[in-house]
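The structure appears right after this line, and notes come after that.
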Amino acid sequence: MKLERPDSAGRFGSFGGSFAPETLMPALTELERAFTEAWGDPSFREELDGLLASFVGRPTPAHRATRLSDRLGIDLWLKREDLAHTGAHKINNTVGQGLLAKRMGKPRIIAETGAGQHGVATATAAALLGFECAVYMGEKDIERQALNVYRMELLGTEVIPVTSGSGTLKDAVSAALRDWVASVENTHYIIGSVVGPHPFPWMVREFQKVIGEELQGQLDGSKGHPRPDVIVAPVGGGSNAMGVFYPYVGDTSVRLVGVEAAGLGIETGHHGASLGHGSPGVLHGAMSYMLQDAEGQVLEAHSISAGLDYPGVGPEHSYFKDAGLVEYDSVSDTEAVGALHLLSSTEGIIPALESAHALAWITREAASLSGKTVVLNLSGRGDKDVQQVAAFDG
């Protein structure tokens with residue numbers, strides 16, 4: 001069964017918890033208390049709902065992909081998170097956490113980003129609400145996401161390159177956590193996914209579940225709006241998937257499928273499939289499935305998609321996997337790029353590479369899904385990835 005909130009130790013079953021430096025424990029306790037109070041305060045929810053409507057542009061549509069449906073032999077719908085302000089689902093969480101930071105009296109915001117979408121969303125919320133803002137980003141991701149770097153800078157945010165380790169999302173998270181340890185008195189850290197120490201996985205899930213709640217109202221079984229048989233979403237850290245899955249978890253009439261990055265191929269070791277091919281361990285403050293060697297050292301993840309290039313996953317996804325509530329599979333870089341081309345040419349929608357992974361799974365499994373209503377959570381738009389895809393094709 002799904003859990004409304006983690007237990008008193010911040011765990012979903014055996015996953016989660018707060019494996020953090022002692023200097024951060026008071027801040028995490030303060031954050032849990034502040035979020036619990038805010039989430040139970042109708043005035044906070046009203047202010048958030050107002051911004052989600054007037055600033056973010058919610059609800060995002062559920063759109064039938066007519067030509068691709070005919071081609072694949074399924075009834076394919078797209079939950080259009082790419083139409084949210086800034087071009088991805090990330091803004092749902094950053095506006096929510098921004099309002100929480102304002103309520104807590106923290107004048108400075110920090111964040112990490114991989115694909116850049118969470119960084120842009122954080123910078124956007126900071127500009128809207130009047131925060132000083134710094135975003136940590138791996139040097140490898142800065143190179144492949146130059147457009148989003150400039151967008152953050154336009155919004156008044158300092159982008160701080162991280163050169164340690166693999167220069168990707170894992171290292172950016174580590175750098176942001178070090179900053180937070182040193183500046184916790186006046187700084188709130190907006191984690192971008194359902195990862196990290198408690199209460200972040202729970203809190204981010206609560207801010208993102210608006211996706212699935214909207215979908216329940218949009219595809220409700222009424223004429224022309226069939227209920228989903230299958231919902232598919234990409235999984236890196238796992239926030240977009242958690243957002244669309246959570247309201248449906250436990251509904252045995254709906255199959256839920258999360259798609260990880262198989263990268264260059266699982267057999268090569270160059271992938272990001274923590275749930276499918278990792279093991280439980282502690283990463284960035286929580287117990288979860290992760291990529292690690294026999295000695296427990298974190299392995300480098302690989303994906304063409306910067307947002308899936310992370311060696312761990314949210315603890316609640318780990319709980320869903322072990323409880324059999326959600327299925328998890330993976331697709332390769334090549335399959336994802338092919339799916340990006342397919343959606344672009346058949347529907348006039350260029351998806352983010354993250355979303356293209358989920359579509360690649362749908363196209364691969366289309367024969368077994370014949371006649372079913374399938375929802376793809378289109379977590380973001382592909383503007384940020386066009387240059388990289390062109391280079392891959394070249």
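Structure summary
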| read-out | value |
| --- | --- |
| For segment 118-178, alpha-carbon Rg relative to the globular expectation (2.2 N^0.38 Å, N residues) | 1.06 |
| Cα point-scatterer Debye curve for segment 317-384, base-10 log of I(q)/I(0) at q = 0.14, 0.24, 0.28 Å⁻¹ | -0.46, -1.09, -1.24 |
| Sequence of Ile266, Ile349, Ile91, Ile109 once ranked by neighbouring C-beta atoms within 10 Å, starting from the fewest | Ile266, Ile349, Ile109, Ile91 |
| Distance histogram for segment 1-160 (every C-alpha pair counted, 5 angstrom bins, percent rounded to whole numbers) | 2, 8, 13, 14, 17, 17, 15, 8, 4, 2, 1, 0 |
| Estimated Rh, segment 206-277: Kirkwood, alpha-carbon pairs, angstrom | 13.4 |
| Local net charge near Lys79, Cβ-Cβ under 12 Å (Lys/Arg +1, Asp/Glu -1) | -1 |
| Packing-based ranking, highest mean first, of 49-60, 312-323 given that Cβ atoms within 10 Å are counted | 312-323, 49-60 |
| Computed over segment 1-93, Kirkwood Rh from alpha-carbon pairs, angstrom | 17.0 |
| Equivalent ellipsoid dimensions for segment 139-213 as semi-axes, Å, which come from the Cα gyration tensor, largest first | 23, 17, 14 |
| Estimated translational D of segment 275-366 in µm²/s (Stokes, Kirkwood radius over Cα pairs; 37 °C; 0.692 mPa s) | 228 |
| Entries of Lys170/Lys372; Lys90/Lys372; Lys2/Lys384; Lys223/Lys384 with Cα pairs more than 31 Å apart | Lys170/Lys372; Lys2/Lys384; Lys223/Lys384 |
| Convex hull projection area averaged over all views, segment 74-192, Cα basis, nm² | 8.2 |
| Fraction of the pair-distance distribution of segment 194-238 above 14 Å, Cα-Cα pairs, percent | 62 |
| Principal axis dimensions, largest first and in whole angstrom, of segment 192-340 by Cα | 54, 38, 25 |
| Where Rh is the Kirkwood radius over Cα pairs, Rg/Rh for segment 252-296 | 1.07 |
| Percent of alpha-carbon pairs separated by more than 30 Å within the chain | 32 |
| Globularity index of segment 92-151, i.e. its alpha-carbon radius of gyration over 2.2 N^0.38 Å | 1.11 |
| Contour excess over end-to-end distance, with Cα ends at Arg33 and Leu129 and 0.36 nm allotted per residue | 32.4 nm |
| Exposure proxy ranking, count of Cβ atoms within 10 Å, fewest first, for Lys140, Lys106 | Lys140, Lys106 |
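We did not get these values from a lab; they are worked out from the coordinates using the rules stated. Values in this document were obtained by computation on a predicted structure and should not be read as measured data. Neighbour counts run over all protein chains shown; Cβ positions are idealised from the backbone, glycine included.
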